[in-house]
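Peer 1: For reference, the structure I am asking about is given below.
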Amino acid sequence: LSVNWQQADLNAQLLGFNHHMNNFIVEQAASLNYQGLQYNSLQRTNDGKAKINGLQASIQWQLPIYSPWFLQSQLSASITHINKADVSTFAGNHFKVEGVSDWTGNLRFLVSDNKWQAAFNINYRSEFLEQRDISNNADTYVAAYTSTDLSFSWFYSANASLRLDMFNATNETLTRTAKTDYASSLMKAEEFGRRVVVSLSLRI
């Protein structure tokens, strides 16, 4: 369900969503009987049911900034809050969906001319569960982080363009922590570095 508000230079949206997913694949501890002996094992099944719901607010604004260097400038922002991201199984287990942050956000500033376009992005993601550990109940979490991306496009003609992207320009560190109900321990602080991507688009 969404509501939009549009003006000549401004576009805002509020979006609510509620997703229900059946046959969700989950990993669970199971007991196996072999020749009269019981063995414990980890099995992946599709008997999970997931529910994810939340709100997203976004805005796009054509800025009243004028310059001889560019024709237009634009500021856009979005923020998403996940109210619930849970999985339930037929066995009665309940746990969070892996890889889902409670809060994510993006702020983008863009300037452009007839022949080029440059953009600056700031991305935020709150702490999230990366991997459940059923064997000893020490789940892996990725700490909240903010990353910065840069991009530049050159439109040589209607049929050819060149684009340069730099992801994680500030070399944000990714921190993983193992957590139980009673304790937490730093697992790894990883500098995964900057990534530069150059792409050429041709229309034949």
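Peer 1: Report whether or not Ala8 is in a loop (DSSP other than H, G, I, E, B) and either touching a residue at least 60 places away in the same chain (Cβ under 8 Å) or of a type in the set (S, T, N, Q) (or both).
Peer 2: no
Peer 1: Those residues that are β-branched (Val, Ile, Thr), within 20 Å of the chain's Cα centre (by Cα) and open to solvent by 70 Å² or more (accessible area, probe 1.4 Å), I need them from region 179-204; list them, please.
Peer 2: The answer is Val196, and nothing else.
Peer 1: While we're looking at this one, here's another question. Filter region 20-50 down to residues that are under 24 Å from the mean Cα position of the chain (by Cα) and open to solvent by 90 Å² or more (accessible area, probe 1.4 Å) and give me whichever is farthest from Thr89 (Cα to Cα).
Peer 2: Result: His20.
Peer 1: Here's a follow-up. With (1) closer than 26 Å to Leu75 by Cβ; (2) open to solvent by 60 Å² or more (accessible area, probe 1.4 Å); (3) hydroxyl-bearing (Ser, Thr, Tyr); (4) modelled with pLDDT under 95 as the list, and Ser112 as the residue in question, which single condition is left unmet?
Peer 2: Unmet condition: (2).
Peer 1: What's the total number of residues in region 121-160 that are in a strand (DSSP E or B) and either in contact with a strand residue (DSSP E or B) (Cβ under 7 Å, 6 or more places away or on another chain) or within 25 Å of Leu107 (Cβ to Cβ) (or both)?
Peer 2: Within region 121-160, residues that are in a strand (DSSP E or B) and either in contact with a strand residue (DSSP E or B) (Cβ under 7 Å, 6 or more places away or on another chain) or within 25 Å of Leu107 (Cβ to Cβ) (or both) number 26.
Peer 1: Here's something else I'd like to know. Give Arg163, Arg176 a once-over and let me know the one that is open to solvent by 30 Å² or more (accessible area, probe 1.4 Å), part of a strand (DSSP E or B) and farther than 25 Å from Val87 by Cβ.
Peer 2: Arg163
The values are calculated or read from the model by the stated rules, or taken from the named source; none is laboratory data. The model shown is predicted, which means the values in this text are computed figures rather than measured ones. Neighbour counts run over all protein chains shown; Cβ positions are idealised from the backbone, glycine included. Quick note on the areas: whole protein, heavy atoms, side chains included, nothing else; ligands and nucleic acids left out. Shrake-Rupley method; radii C 1.70, N 1.55, O 1.52, S 1.80 Å.
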